[in-house]
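Student: Sharing a structure here in structure tokens format.
Any read-out appearing in this document is the output of simple, stated calculations on the displayed coordinates, not a laboratory observation. Just so we're clear, the structure is a prediction, and the values are computed from it rather than from any experiment. Using ideal geometry, Cβ is built from the backbone for each residue, glycine included, and neighbour counts are taken over all protein chains shown.
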Amino acid sequence: MSAKYLPLKFAFVAILVLVCLGSLFYGNGLKQGQDIAGGYSMVFQVRNDEGRSDLVERIIAVLKKRIDPSGLSSLEWRPLQNDRFEVRMPAASPESQALRNSYLKAREELLATNIERSDIRALLPLNAQQRAEAIGKLTGGDKAWAKSVSRLLATMDKLRKAEASLQAAKAKIASAKSPSTNALRAMQKELLSAEAKRNAVNTEYRGLFAEVRKGNLSPHLLMSVLKIFNQANSQGDKDEKKAILAVYKQRVNELCEQYPSRDNLIRQVATLYEKWSKIRRPLEDPADLKRMIKKAGVLEFRIAPKAGAQAITDAQLQKYKTSLKTDGPEALRIEGADYAWYPVHGDGEGYGSLITATDRIGKLYILLSNKPAERMIQARGEEVRWSLASARVGSDQYGSPAVDFQFDEAGAKLFTRLTGNNVGKSMAILLDDDVYSAPNIQTVISQRGQITGRFTFEEVKELVQILEAGSLPGRVDPNPCSENSFGPAIGNENRDKAFRAAIYG
């Protein structure tokens, strides 16, 4: 080595080391683990009625493959006896937490512009001038929306008067003392007229309220647009990424055009979400981990009887619906009935031809077959054990994200039999007892299938991870029996001391 350039070379190496250290400790290059960032500790309970000594270890193995297949999320898994395990995860970086909070605050401000029943009722006592001013503020200056709100308020005034007339007609009959036949008939006629008028105005009110609600920005619609940005970020191909980003920008612009009075708020939310998405890790919030653990990963197929099907009498159907309202969806399954209720995943659109009903809180369910010849399930006692050979991200006939899957040999035989015996019927595809779709069986299907729905790219990736990892060998309570946060073990002060020692010796 020439001594002439030796100092210059040492200086170059020193500068390079300083740049690397600076990027590691003060840039985005350092991936802070639990020792530096602190984190969360959660203990989950496992149902182990048979006392299997290896059950917790097997569950941990499946969850590792499902939640963190690449091992890059710095999760720590630890079995605790035969019925519990602990998961420790690092906290988000301060920058990520700050951006997340800013995004959530902006999102809350945006969704607060939606109009609810309580907002409308608050306007009723106001006079005409006060109403006009309040409506202008409530609708953000959107003239078409303001007109709908004004019409709704006018109809609500009419409804109050119609209700008052109806109550007066009822009171008149109740207070009448020995009226003549003609007088009673006249009062009854007046009552029927008042009731008909009230019902007509009430129908008008419902229609106008639905029209006002159309001006509300759905949180689901907002998230479906924002998550397109995540899909673009996950692409390695530059051209594909560019194309998806173009779609994302177009969808944001369409949202702004659809809700012009909230243009600035929508763009602010989108900008903050983009900044947060660029630096956030897949697992930063304990809620993300709980959601992934909650999924058991059990894929099933059940035939769905259509409305008016001869296999179910009107009396049986009424019994099933009453059971859902009074006893809940589990009752028919426990009873071992031929049919049982299963919840719909998502908004519930697209099931109009099937038998649906809501429970006491308004959640939508579909009636599905529990007959051995009309189901393909993964449960103890089944004649044949089957599984998936693979699952991957795909797309449906419209280009929307979907899950493509392929059966093993045993599964292919069972699926051939199920679809072959039920051509022309609807077949529900369930994951962890939730109905994701219910396509019509056009022909016999053997080895491959597809799960479609109104999925975002991120949701499809999560479903694929769950299916690829396989179903859990035991039941895990998704609510931790213990949950704590902990601070950094090393701390910023010790980290800075190490940094100074590396520089000055």
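Student: Can you give the FRET efficiency for residue 264 and residue 233, using 1/(1 + (r/R0)^6), R0 = 41 Å, r = Cβ-Cβ distance, to the nearest 0.05?
Tutor: 0.95
Student: Per-residue HN-Hα couplings for region 176-181, Karplus 6.51 cos²θ - 1.76 cosθ + 1.60 at θ = phi - 60°, whole Hz, x for Gly and Pro?
Tutor: 5, 9, 6, x, 5, 4
Student: Could you let me know the centre-to-centre spacing of region 174-206 and region 458-481, using Cα atoms, in angstrom?
Tutor: 59 Å
Student: For the cross-link pairs 105/321; 363/461; 290/325; 105/290, which exceed 31 Å when the distance is taken from alpha carbon to alpha carbon?
Tutor: Cα-Cα > 31 Å for 105/321; rest within.
Student: Ok, one more. Using θ = phi - 60° and the Karplus form 6.51 cos²θ - 1.76 cosθ + 1.60, what ³J(HN,Hα) does each residue of region 323-328 get, whole Hz, x for Gly and Pro?
Tutor: Each residue of region 323-328 in turn: 4, 4, 5, 8, 10, x Hz.
Student: Now for a different question. Any lysines with Cα under 25 Å of the residue 197 Cα? List them, leaving off those in the same chain fewer than 8 positions away.
Tutor: The qualifying lysines are 147, 158, 161, 170, 172, 189.
Student: Right, another one. Check residue 281: other-chain or 5+ apart residues with amide H under 5 Å from its amide H, H built from backbone geometry?
Tutor: none
Student: Given 480, 344, 451, which one lies farthest toward the positive end of the charge dipole of the chain, if we put +1 on the Cβ of every Lys and Arg and -1 on the Cβ of every Asp and Glu?
Tutor: Of the candidates, 344 comes out farthest on the positive side.
Student: Moving on. From the C-alpha coordinates alone, can you work out the Kirkwood hydrodynamic radius of the chain, in Å? Mind showing how you got there, number by number?
Tutor: Values: mean 1/r = 0.0353 Å⁻¹.
Taking every pair of different Cα atoms in the chain, averaging 1/r and inverting gives 28.3 Å.
Student: Continuing with the same structure: So which aspartates and glutamates pass the test for residue 371, namely a Cα distance under 15 Å, with those fewer than 8 places away in the same chain ruled out?
Tutor: Of all the aspartates and glutamates, those that pass the test against residue 371 - Cα under 15 Å, at least 8 places apart if same chain - are 300, 335, 338, 382, 383.
Student: So what J values fall out for region 141-155 if you push phi through Karplus, 6.51 cos²θ - 1.76 cosθ + 1.60 with θ = phi - 60°, rounded to Hz, Gly and Pro as x?
Tutor: x, 6, 5, 5, 5, 4, 5, 5, 5, 4, 5, 5, 4, 4, 5
Student: Using only the Cα atoms of region 57-145, construct the convex hull and provide its projected area averaged over every direction, in square nanometres to one decimal. Working shown, then result.
Tutor: Numbers: hull surface 45.0 nm².
For the Cα atoms of region 57-145, the hull's average projected area reads 11.2 nm².
Student: Something else about it: Going highest first, how would you order 361-371, 74-84 by mean Cβ packing within 10 Å?
Tutor: In descending order of packing, they fall as 361-371, 74-84.
Student: Once you have the Cα-Cα distance between residue 446 and residue 167, take 0.36 nm times their residue separation minus that, and quote the gain in nm to one decimal.
Tutor: Fully extending the segment from residue 446 to residue 167 adds 94.0 nm.
Student: With an 8 Å cut-off on Cα pairs and a minimum separation of 6 or more residues, tell me the relative contact order of the chain in percent.
Tutor: Values: 675 pairs, mean separation 106.5, N = 505.
About 21 percent, as a whole number.
Student: In terms of Cα to Cα distance under 18 Å, which lysines are near enough to residue 143, apart from those fewer than 8 places away along the same chain?
Tutor: Of all the lysines, those that pass the test against residue 143 - Cα under 18 Å, at least 8 places apart if same chain - are 214.
Student: Arrange 220, 345 by Cβ neighbour counts within 10 Å, fewest through most, would you? Please list the in-between numbers first.
Tutor: On the way: 220 12, 345 20.
Listed from fewest to most nearby Cβ atoms, that is 220, 345.
Student: Also, I was wondering about something else. Around residue 103, what is the net charge, scoring Lys/Arg as +1 and Asp/Glu as -1 over all other residues with Cβ under 14 Å from its Cβ?
Tutor: +2
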